[in-house]
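Notes for the one structure printed next.
Please treat every number below as a calculation from the coordinates, not as lab data. Given the structure is predicted, the values throughout are model-derived calculations rather than measurements. Positions of Cβ are generated from backbone atoms using ideal geometry, with glycine treated the same way; all protein chains shown enter the neighbour counts.
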Amino acid sequence: MKQLSDADIDNMIGDEFHPQYNNVRHAVRSELKLSTRIPAPDMPAPKHATLDLHQMTEEMAWGAIMSLAQSGTRTATIITGASGILKIKFQQWARESVLSPYIVEFHPINNGSFSVKFKKKIA
């Protein structure tokens, strides 16, 4: 049996063969189901976190604190700054808002930071 050379293969294919790489790529991706995203595994929340509220609006700060409270983090240092509305607002939120059920206790560390202990996240 004769072995085929590259020239023999080219003659068999002719000039009409033009692979459509996009079609092949799409077919392979479809077969392997690469179009569906694989969700990332849930990472455990850190035991302690630091949240700096400088340069945040009240809405941004509220969202960041609520996300932290709901994340499963057990303790946090929240830096509000020594002056400004966020120092006052954080204390109000921790005592009298929907944030308060997430907090076991909080106390000032210094003039612009608070140590916060959150309740354990119920899975």
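Note on the range 87-123: residues that are under 14 Å from Met66 (Cβ atoms) and either aromatic (Phe, Trp, Tyr) or crowded, with 17+ Cβ neighbours inside 10 Å (or both) amount to 9.
Selection of the range 74-86 for residues being within 17 Å of Leu53 (Cα to Cα) and either hydroxyl-bearing (Ser, Thr, Tyr) or surrounded by 11 or more Cβ atoms within 10 Å (Cβ to Cβ) (or both) yields Thr75, Ala76, Thr77, Ile78, Ile79, Thr80, Gly81, Ser83, Gly84, Ile85, Leu86. The set of residues in the range 92-115 being closer than 20 Å to Gln55 by Cβ and of a type in the set (S, T, N, Q) consists of Asn110, Asn111, Ser113. Only residues that are within 26 Å of the chain's Cα centre (by Cα) and either under 19 Å from Met56 (Cβ atoms) or not hydroxyl-bearing (Ser, Thr, Tyr) (or both) were counted in the range 90-101, giving 7.
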